Structure formats: C-alpha cells, structure tokens
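Sharing a structure here in structure tokens format.
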Amino acid sequence: PVRLGKLDEYHQRTTAMLRAVEAALVVTDARIRPLLDGAPTRLGCVVAAELDGAGELESTAVSDDIALIQFSSGTTHDPKPVALTHRNLLFNLAAIADYFAGDSLPAPVGVTWLPLYHDMGLIGNLLTAFYLPRPLVLLPPELFLAVPAAWLRAISRHHGTVTAAPNFAFGLCLKRIQDEELAGVDLSSWRLCLNGAEMISADVQRRFGERFAHWGFDPAAFTPVYGLAEASLAVTFKPVNHPVTVLGVRRESLAAGGVVEPGTAELVSTGRPLAGVEIEIRDTDSHPVPDDRVGRIVVRAPSVMAGYFDRPDLSSEVLHDGWLDCGDLGFLHDGELFVCGRSKETVIIRGANHAPQDFEAALDGLAGVRVGCAVAVGYLPVDTGEEALAMLVETTPDVPPGLAGDVAARVLQRTGIAVRHVELLAPGTLPRTSSGKLRRLEARSQWLTGTLSPPQQAPLPGSAPC
C-alpha cells in the first residue's frame, strides 16, 4: 500500500522486499502499475490481464516446500522475509478450524476488510475460508477506513458470524460511526469478534460492547487473540464460551521487577494456546519463569517457520532448539497469556522497564491528538546521563493551543512518569508497517537523526484517503 505522500518510502520498501526473495516477476493490476513503474529500480512488472493462460499445469508440492513468503517487522530497508512451508500453513489452518469446531459456535460466515497482504487477512480470513470451507465477504480496506459503518452494515446484511481486526478498528468505529448510519442494522449474528495484531485495550472493548449492544452486538463475542507471522499466524485464542479475562495490575511492579501484583492498570488476556502449540515465558538467560512473572514469550509448534528466507543471521537470533522468540514480553496467569509489549521497544526510566503502549494509551481521547497516532520512545538527553521519555504525536488539523503541555500533563497524570519532550507532528508522519502498525524503533531513529518528516501534500495516483 502507498501511504499518502510517501511514494519514495513505498518504492524503497517494495524494492527491498523483492530483492530479499529474489523475485523474478511482479504481477499487479493496472491501477498499481504506474506507481511501480516510477520506482528508481525497475521492478519487472506485468499486469495480470496481459499474461496468456497456459491451460492446466500440473504442480507437485511436498509439505516442506515453501508455500509463501510473508514479511514481518523490520526497517524499510531491511524487511524480514518469513518463509512458510505447506506444513506450517496447514497446521495453523487446522488449529484454527479445530477452534471453530468448538461447542455452540455457529457455521462461520466471515466479513472482513483486512488487506490480503497482511497475515490476519490472508491466512486468518482468506485461506481459512478455503480450508473450512466457509463463506467470506471481502470489503476494500479503504472503504472501512473512510466509512467504518460499512463494516457493521455488511455484517448485518450477510449475517456474518466471525470477524477479525486489530484493536484500533474498534476505536475507529467508536469515534467515526454516527447512530443514523446504522439504521436497520442487526448485529445479533456476530458471535466471534477476534481482536488481535496489536495491544488490546479493555476500555475500547468495553465501550464498543456497551455502545453497539443497541444494535444487537453481544460483548461476549469479543475474542482476544495473539499471533505473529513467524508462527504462520495464530498462537492463542480466548477459550470458547469463556469470558474475557482482564487483570488489574500495578504498572510499577511490572516495570521494576516484572512481578504481577494487583493494581489499576488493565491487561487483557489473549487466551490459551491453540491445539499443538506450546508457550513458555523465559528470562534474559532463556530460563523458564513461573506464572505471574514477566519475561520473553517463546513458542514451539509445527506452524513455526523454519527461518527467514536466505537470512540465517536473522533466523539464528530468534530460533533456538525449535523454540521461537516472539520478541514480545508477557506472562502466564492461570494458563492464559497476557502480552505486555515488544521487548525491543521497552522504555527504561530509572532502571524500570515500561511498555510504550502504557504512555500512548494515556492520550486516548485527548483533543488534538489523532487516534492511535502517538509513539512513546526513550532517549538520552544531551544534558543528562539518564534515559528520558519523549512522545511523538500526530495532531489533528485543529491543533488546540498548548497541546504539547496537555500531552505531558496527561501522561504524567495517567502513568506517574514525566515526559521530557513532546514532538508534535503532521498527520501521516509516523512510519508504519504495511498493516498499519506503528514502527516505534524506526520512528525513534528518524526523530533522533532529524529525518522524521511529514508526507508531501499532493495526493498520489490511486491512493486512498486516510
């Protein structure tokens, strides 16, 4: 996808991905080809309609052949090519199908707007629909972003029973949907509302359930999940017919020693491992830790990749004796997984480890701040030897006076941590992945080097509105 005003970034990332997998040909459509043809490096593109069919072609694949390569987190110039075999994919699809076969779940009818270049869209929706099989209604991602109500109307119209979306989607529905847009809508068929791909907010789920219950949505449909590209997709799901578990924890205890103690900060369980999946929480020396202790999440399953394509250097960093280091911090409580944040994105203040999401969530609802468009980073100010907190914040067009001070005050009020610097940014400035996740490490690097720049103002050919 091309972000508005970020054509150069798109060319750089696309070129890097194609080189990483030694691609010989790019098949695209007429709408996208002009964007690719403008790249400084020729990408060898053809439009699908130009290809002559060769009739039926026999192809023999064995289980350990590479089925697809999907890209995980990484910088624009060095994306990570996750090589998944047929065995990896089929095991994960079978585990998802086993979950859908749970007691009292209706025959699944999927309704999704997720892009098919994202693992939750491709594997969790499209390939799962082929595997089960099940009906699947596809909406253009740009339609949902422009008119979130279109998603709920489609669920009603097609009697959708299952959806999957990142947490920000539910926040966008709360902010953008007007009641009159849902005239005649009935959401009572919506039985599984999978929420994953980023940190899950108990407050957003609670407010979504309360508001859309008026149109028949059952809050019990919320199903938090956890997964990652390196494990094909799905790792944990909330158990069927089991309420969502929300723990109140002391953020200070988590930060200081990784100990789970009762408190007011809410963490949402992402459920239990799917069939055939093993999870452990380990310390920095790779030793397992007991329940209610924060550590690195590691996973073992037949769905875990054999490695990054042609990158043994990257593979050796995350794969050890069949276990995958997910790069996330979390803990187990009564057999359920709670995710605290990305290990490499941790902000260290006076020796205490803080998840950046804690600071970012503090800005929810603050006038002048774009929803889901703030990044918390740690840095070393030139006048001190202690790491400090900076907030990089995209603003709405109507920036209220004193917004930087409001940001600092809100973070201090909600977390007890002082903000040393607030950077107010134009919309679209923060770097994101192809699936819309914020690239915190890249944002930090660009900010520190002075290269965090706003997008161009002119719209691109074929680009969708933000």
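Give the order of L139, L247 when sorted by the count of other beta carbons within 10 angstrom, beginning with the fewest.
Arranged by neighbour count, lowest to highest, L139, L247 become L139, L247.
Still on this structure, please answer the following. Can you order the peptides 184-192, 114-122, 18-26 by their average number of other Cβ atoms within 10 Å per residue, highest first?
Result, highest mean first: 114-122, 184-192, 18-26.
Under 28 Å between alpha carbons: how many lysine pairs meet that in the chain, if sequence neighbours fewer than 8 apart on the same chain are excluded?
11
On full extension of the chain, what length is gained from T451 through E210, given 0.36 nm per residue of separation minus the C-alpha to C-alpha distance?
Computed gain between T451 and E210 is 82.5 nm.
Using the per-residue mean of other Cβ atoms lying within 10 Å as a proxy for protection, in what order, highest first, do the peptides 214-226, 282-294, 438-450, 306-318 fall?
For the peptides 214-226, 282-294, 438-450, 306-318, the packing ranking is 214-226, 438-450, 306-318, 282-294.
Express the C-alpha Rg of the range 346-449 as a ratio against the empirical globular expectation 2.2 N^0.38 Å, rounded to two decimals.
Working it through for the range 346-449, the quotient is 1.01.
Give me, ordered by chain and number, the residues 5 or more places off A67 or on other chains with an amide H under 5 Å from its own placed amide H.
For A67, the qualifying residues are L84, T85, H86.
Find how much the distance from V21 to E317 grows on full extension, using 0.36 nm per residue of separation minus their present alpha carbon separation; answer in nm with one decimal.
104.6 nm
Suppose every Lys and Arg Cβ carries +1 and every Asp and Glu Cβ carries -1, with no other charges. What dipole size does the range 87-343 come out with about its Cα centre, to the nearest 20 debye?
I would put it at about 660 debye.
Values quoted throughout were computed directly from the atomic coordinates according to the rules given, and no laboratory measurement underlies them. All values reported here derive from a predicted model rather than from experimental measurement. Every residue, glycine as well, gets a Cβ built from its backbone with ideal geometry; the counts of neighbours run over all protein chains shown.
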